[in-house]
Amino acid sequence: MMELQTDVLIVGGGVGGCAAAIAAASRGLKVVLTEESDWIGGQFTSQATPPDEHGWIEEFGCTRTYRKFRNAVRDYYKNNRPLTDAAKANPVLNPGDGWVSPICAEPRAYLKVFKAMLSEHAQKGNLRILTEHFPFAAEAEGDQVRAVTLLNLQTGEKITITAKYFIDATELGELLPLTGTEFVTGAESRAQTGEPNAKEVAEPNNSQAFSVCFAMSYHEGEDHTIEKPENYDFWRDFVPELTPAWSGRLLSLGGINPRTMEPITYKFAPHEEENKAFAGLWTYRRILHRENFAEGAYASDITLVNYPQIDYFLEDLSNASTYEEKRRMVDAARQLSLSFLYYLQAEKGFKGLKLRGDVSGTEDGLAKMPYVRESRRIKAEFTVLEQHVAALSRPNEIYAEKFPDSVGIGFYRIDLHPSVGGDNYVDVEALPFQIPLGALLPQRVENLLAACKNIGTTHITNGCYRLHPVEWNIGEAAGNLAAFCLEKNLKPRAVRNAPEHLADFQDLLTENGVELAWRDDLNLDDGDPHRFAR
């Protein structure tokens, strides 16, 4: 068995993991970053999901490195793709003109930027990246994690890595059960949290749906119909049993408005939808708009499918007990995604829809990894509750609760998709919020930090802390915290609980471009992008 030693081990190479690696390596630490997939970048890349962002994102409301990432994506297109003159001159170029985000782009474009940002630190010798590695064991002593053992998914070889700090940036909080770190899953009860939308009784096996996304193009007059999926007959007739009730069959162009719970019919018209919000599903997460490119460069737009019709809520991924069980659940979700594509092709007549495995980097055309909405969550020093962030809980306020230990900011609606326990959407207006340092710290374990959807939120507040720019900020804070603690010979809890140390750490974050508080003159109408960002 191979063994390594490092300052910081970051398990999970998604958005939070990459941000943590950049932060820690930038401060001169030796960092090992591991990732289950062969692509780093998580939601942006292997999960193939353009970013959900607030309406101020082009001006403020994210970290400096996240803005650098966004700018680099635009530069990649301007320097490497045959854009029209107008697109090349556009300072806020949106390659796909998708209305879910002002920067919808292809997974491979995001991947190139992630690799470029990390390669600087790898070349200096501060960062080592191990892709296709999955954690399966850990060694802990008292309140300290000593080592994590990972399996090389390609070769079967094992590697044990010892470190001074461990950052769990996995999509499902994989390190928490391995290290004995206390955690929760699913839905808490109202008695536990006091949240207006909490369950009467805790339901730890009731997590949100996850999805296996895919990219597709459309070629009128051609037939790209896939082979009928093995489980198509099941999914064709499947009617969700949810409360409140779903509108009918899942495989349809009907659904439920998450905010009003009224039935709706989605528009789906490849190449014929207007380029504006609510135009339809084709433009919703479109990641390549052919009109942004030289005439003839692309025969079709490319759009990314992350629609309600592919939400898989028959099993709880965050409670999968083994790697094999997790893969089985994901394979079942892949069947649902293929079935929806086949439904569009065979039953709705869109035979020209073509799976784009070249975009997602897979043979079957689907995303490499599932898009995960809910994870195991640490029992944290501080847990963010609905009362802290929901607009209805803070009448006449334009900001969420202000946290003295803020390490960043974010803004998004509390957005819960249908769940394994039979709950339909929960969609609640939230206010611009802060990320409290206490939410990154386990109650007991001293040298493990949360850097993804595994922070101290609840089933409810996870719904607004789980998106791309917030996860980036969480990861960046975790990476900087590990470095700060090693530089100052402090424990994370001491940083949070001693005013002088907390002030020094917050100064460090501010100097490095992390915004800790929202501006005083926000107009919430400007921040709401007026979209269903699913």
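Taken together, the values in this text are just the output of simple stated rules run on the coordinates, not laboratory data. What you see is a predicted model; the values in this text were computed from it and never measured. Positions of Cβ are backbone-derived with ideal geometry, glycine not excepted, and every protein chain shown enters the neighbour counts.
So which lysines pass the test for residue 164, namely a Cα distance under 20 Å, with those fewer than 8 places away in the same chain ruled out?
Within reach: 30, 488, 491.
Compute the helix-to-body angle for 107-123: its Cα long axis versus the longest principal axis of the chain, expressed 0 to 90° and rounded to tens.
Helix 107-123 sits at roughly 20 degrees to that axis.
Could you give me the ³J(HN,Hα) list for region 243-248, computed from phi with Karplus coefficients 6.51, -1.76, 1.60 and θ = phi - 60°, whole Hz, x at Gly and Pro?
10, x, 5, 6, 8, x
For residue 55, what residues show an amide H to amide H distance below 5 Å, using hydrogens built from the backbone and excluding near sequence neighbours?
528
Output the relative contact order of the chain, whole-number percent, from Cα pairs under 8 angstrom with separation of 6+ residues. Walk me through the numbers on the way to the answer.
Numbers: 1278 pairs, mean separation 117.9, N = 534.
It rounds to 22 percent for the chain.
Once you order the gyration tensor axes a ≥ b ≥ c over the Cα atoms, which shape class does region 291-331 get: rounded for a/c under 1.5, otherwise prolate or oblate by comparing a/b with b/c?
It is prolate, given that a/c is not under 1.5 and a/b is the larger ratio.
Only bridges with both residues in the chain count here: give the DSSP antiparallel percent, nearest 5.
65
If you place +1 on the Cβ of every Lys and Arg and -1 on the Cβ of every Asp and Glu, how big does the dipole about the Cα centre of region 375-435 come out, in debye to the nearest 20?
With Lys and Arg at +1 and Asp and Glu at -1, about 180 debye.
Given the pairs 88/276; 228/354; 158/453; 276/402, which are separated by over 23 angstrom at their Cα positions?
158/453; 276/402
Taking the 0 to 90 degree range and rounding to the nearest ten, how far is the long axis of helix 468-488 tilted relative to the main principal axis of the chain, both from C-alpha atoms?
Helix 468-488 and the main axis of the chain meet at about 20 degrees.
Could you give each residue of region 330-338 its phi-based ³J(HN,Hα) in whole Hz, using Karplus coefficients 6.51, -1.76, 1.60 with θ = phi - 60°, and x for Gly or Pro?
Result, ordered by residue: 5, 4, 5, 5, 5, 5, 4, 4, 5 Hz.
Explain nothing, just the number: dipole magnitude of the chain about its Cα centre with +1 on each Lys and Arg Cβ and -1 on each Asp and Glu Cβ, in debye rounded to the nearest 20.
Taking the Cα centre of the chain as origin, the dipole is about 820 debye.
Per DSSP H run of at least 4 residues, take -39500 (n - 2.57); add these up for the chain, divide by its residues and hand me the 222 nm value, nearest 500 deg cm²/dmol.
The helix contribution divided over the chain gives -7500 deg cm²/dmol.
For region 247-346, which trypsin sites (Lys or Arg not before Pro) are in a loop by DSSP, counting at most 10 other Cβ atoms within 10 Å? Could the numbers behind the result be given before it?
On the way: sites: 249, 259, 267, 276, 285, 286, 290, 326, 327, 328, 334; in loops: 249, 259, 267, 276, 285.
Passing both the DSSP loop test and the Cβ count: 276.
Roughly what would the spin-label model give for residue 276 and residue 491, points 7 Å off Cα along C-beta, in nm?
So the two model labels end up 5.8 nm from each other.
What shape does region 241-345 have by the C-alpha gyration tensor, where a ≥ b ≥ c are the square roots of the eigenvalues, rounded means a/c under 1.5, and otherwise prolate means a/b greater than b/c and oblate the rest?
oblate
Using the Cα centre as the reference, give the magnitude of the dipole from point charges on the C-beta atoms of region 210-360 (Lys, Arg: +1; Asp, Glu: -1; all else neutral), rounded to the nearest 20 debye.
Dipole about the Cα centre, nearest 20: 220 debye.
With a cap of 12 neighbouring Cβ atoms within 10 Å, and only residues DSSP puts in a loop, list the GluC sites (Glu not before Pro) found in region 278-332. Display every interim value, and only then the final one.
Working: sites: 291, 295, 315, 324, 325; in loops: 295, 315.
For GluC sites (Glu not before Pro) across region 278-332 that sit outside H, G, I, E and B with at most 12 neighbouring Cβ atoms in 10 Å, the list reads 295.
For region 51-120, what class follows from the C-alpha gyration tensor (a ≥ b ≥ c being the square roots of its eigenvalues): rounded when a/c is under 1.5, otherwise prolate if a/b is larger than b/c, else oblate?
Oblate is the answer for region 51-120, as a/c is 1.5 or above yet b/c matches or exceeds a/b.
Need one number: nm distance between label points at residue 2 and residue 89, each 7 Å from Cα along Cα→Cβ, rounded to one decimal.
Each label point is offset 7 Å from its Cα along the Cβ direction, giving 5.1 nm.
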